[in-house]
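The structure appears below as structure tokens.
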Amino acid sequence: MRILLLGGTGEARALAARLHPDTDIISSLAGRVPDPALPVGPVRIGGFGGAEGLTQWLRDNDIRAVVDATHPFAATMTARAAQACADLKLPHVVLARPAWNPGEATLVASDTEAADIVAQQGYSRVFLTTGRSGVAPFTGSDAWFLIRVVTPPDPEVLPRHHEVLLSRGPYGYGDEYALLRDNRIEVLVTKNSGGALTEAKLAAAKNLGVAVVMIDRPPLPAGVETVSTVDEAVAWVLRSCPPGPQVG
Ligand code: NAP
């Protein structure tokens, strides 16, 4: 029983480590970042070639179940996997880690709305942590941006005043506090990614009185089964695809 783990998150790597080698898995990464953190076990890298490509790939590789442990904002992949599994009648679950409590944050639905709020409120020093694809709505802003990304944004989308900080989490509270304080940040713009690895910035912002603009998660496809922890995902896999009898 071969299981596809759609990955690109710490949870996906933890799940692979729990299942491999007793369960026959293959992890899939989009291939967005150079030198990605690789899960244990077999890995494939790169898109499937759209909805049809995914369906064909699932057939060709004799996949019997799919665990979608992609990032909560990887909405296209999640929608395509849900549709392909429904079409092929494959067991399918989304590992959706719990969202952060937004607290006093201003909640918005998109990067564009976040940029509108920053402009309306007249913030002049912004910590932008929405990823390389989240920079473009801020291009025309006169504010100063600290832009933290794993891979550099396209130069043409960068706002006039900025510093790009290339780094990859996890981030601890002390470092986040110092980063916000030393850069005199007025507002933090973040996705509601959830998870412990990048959560410290929220506590640092709260304790420094820094405003937070938080982009809400895209909704999951209707009717999909979800689990919220790696433990629950392991239990789902073992329930849905019990290991076969040992030979010998
Ligand atoms: P997306 O917009 O939902 O996906 C765009 C396309 O990228 C998909 O249609 C698919 O291409 C390919 N793709 C995405 N995830 C894939 C995977 N695990 N394996 C193979 N192909 C994949 O996703 P995204 O926002 O670009 O995210 C890409 C990857 O980065 C995901 O694995 C995600 O977990 C990770 N990530 C995303 C974010 C974020 O904020 N979006 C943050 C951290 C990590 P085809 O149509 O060709 O199959």
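The values are calculated or read from the model by the stated rules, or taken from the named source; none is laboratory data. Worth saying up front: this structure is predicted, and the values here are computed from it rather than measured. Quick reminder, even Gly has a Cβ in these numbers, built from the backbone with ideal geometry, and neighbours come from all protein chains shown. For accessibility, only protein heavy atoms count, side chains too; no ligands or nucleic acids. Shrake-Rupley method; radii C 1.70, N 1.55, O 1.52, S 1.80 Å.
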For segment 14-27, give me the residue count where each residue is crowded, with 20+ Cβ neighbours inside 10 Å, touching a residue at least 40 places away in the same chain (Cβ under 8 Å) and within 14 Å of the ligand (Cβ to nearest atom). 1
Any chance PHE127 is within 30 Å of VAL164 (Cα to Cα) and assigned to a strand (DSSP E or B): yes
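Per-residue answers, yes or no, for (1) within 16 Å of the ligand (Cβ to nearest atom); (2) touching a Pro at 6+ places or on another chain (Cβ under 8 Å); (3) not aromatic (Phe, Trp, Tyr):
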position	(1), (2), (3)
PRO159	no, no, yes
TYR173	no, no, no
VAL189	yes, no, yes
LEU197	yes, yes, yes
VAL237	no, no, yes
CYS241	no, yes, yes
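Can ARG44 be described as near the ligand (Cβ under 8 Å from one of its atoms) and buried (at least 21 other Cβ atoms within 10 Å of the Cβ)? Working first, answer last.
Numbers: near the ligand (Cβ under 8 Å from one of its atoms): yes; buried (at least 21 other Cβ atoms within 10 Å of the Cβ): no.
Here the answer is no, as ARG44 does not meet what is asked.
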Can you name the number of the only condition in (1) touching an Asp or Glu at 6+ places or on another chain (Cβ under 8 Å); (2) free of Cβ contacts under 8 Å to residues at least 60 places away in the same chain that ALA211 fails? (2)
On the given criteria, is LEU128 away from the ligand (no atom under 16 Å from the Cβ), within 21 Å of the chain's Cα centre (by Cα) and either on the phi < 0 side of the Ramachandran plot or assigned by TED's automatic domain parsing to the domain that holds PHE73 (or both)? no
Which residue, of ALA30, ALA65, ALA51, is among the aliphatic types (A, V, I, L, M) and either open to solvent by less than 50 Å² (accessible area, probe 1.4 Å) or more than 10 Å from the ligand (Cβ to nearest atom) (or both)? ALA65
